[in-house]
Amino acid sequence: MKLREIAHSRTGDKGNTSNISVIAYDAKHYPLLKEQVTAERVKAHFAGVVEGGVVRYELPNISALNFVMEQTLGGGVTRSLALDAHGKSLSSALLDLEIVPPSDQ
């Protein structure tokens, strides 16, 4: 199943760094997010886009994960020639990540 079935996402940027939050619709899915949506999987999912490191931060109080992806936006908004210089579409792209459904479904 796609990540979008159990979570939504928001994105932001600062220079050449993209910041993506993945928030579970239901807190019961937060452990599944922690288990399957790792920094390594996110970096692999964005192969060819993320040229730097990916760091994951856990926010259990709001059932969310936050990913900081360096060297992602073609140099940053003022330098990039990309149509999506802010990287806003990256949050939607991350929600295409395939995850194994929870055993209760």
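The values are calculated or read from the model by the stated rules, or taken from the named source; none is laboratory data. What you are looking at is a predicted structure, and each value in this text was computed from that prediction instead of being measured. Every residue, glycine among them, receives a Cβ derived from its backbone with ideal geometry; neighbour counts consider all protein chains shown.
What the table shows:
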| quantity | calculated |
| --- | --- |
| Residues located in the stretch 60-84, provided they are loosely packed, with under 13 Cβ neighbours inside 10 Å, hydrophobic (A, V, I, L, M, F, W, C) and modelled with pLDDT of 80 or more | ILE62 |
| Those residues of the stretch 85-105 which are in a loop (DSSP other than H, G, I, E, B) and either at pLDDT 80 or above or under 26 Å from MET1 (Cβ atoms) (or both), in sequence order | GLY87, LYS88, LEU95, ASP96, LEU97, ILE99, VAL100, PRO101, PRO102, SER103, ASP104, GLN105 |
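Here is a yes/no grid of residues against (1) crowded, with 16+ Cβ neighbours inside 10 Å; (2) touching a helix residue (DSSP H, G or I) at 6+ places or on another chain (Cβ under 6 Å); (3) at pLDDT 95 or above; (4) more than 17 Å from GLU98 (Cα to Cα):
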{"position": "GLY15", "(1), (2), (3), (4)": "no, no, no, yes"}
{"position": "SER18", "(1), (2), (3), (4)": "yes, yes, no, yes"}
{"position": "LEU32", "(1), (2), (3), (4)": "yes, no, yes, no"}
{"position": "GLN36", "(1), (2), (3), (4)": "no, no, yes, no"}
{"position": "GLU51", "(1), (2), (3), (4)": "no, no, no, yes"}
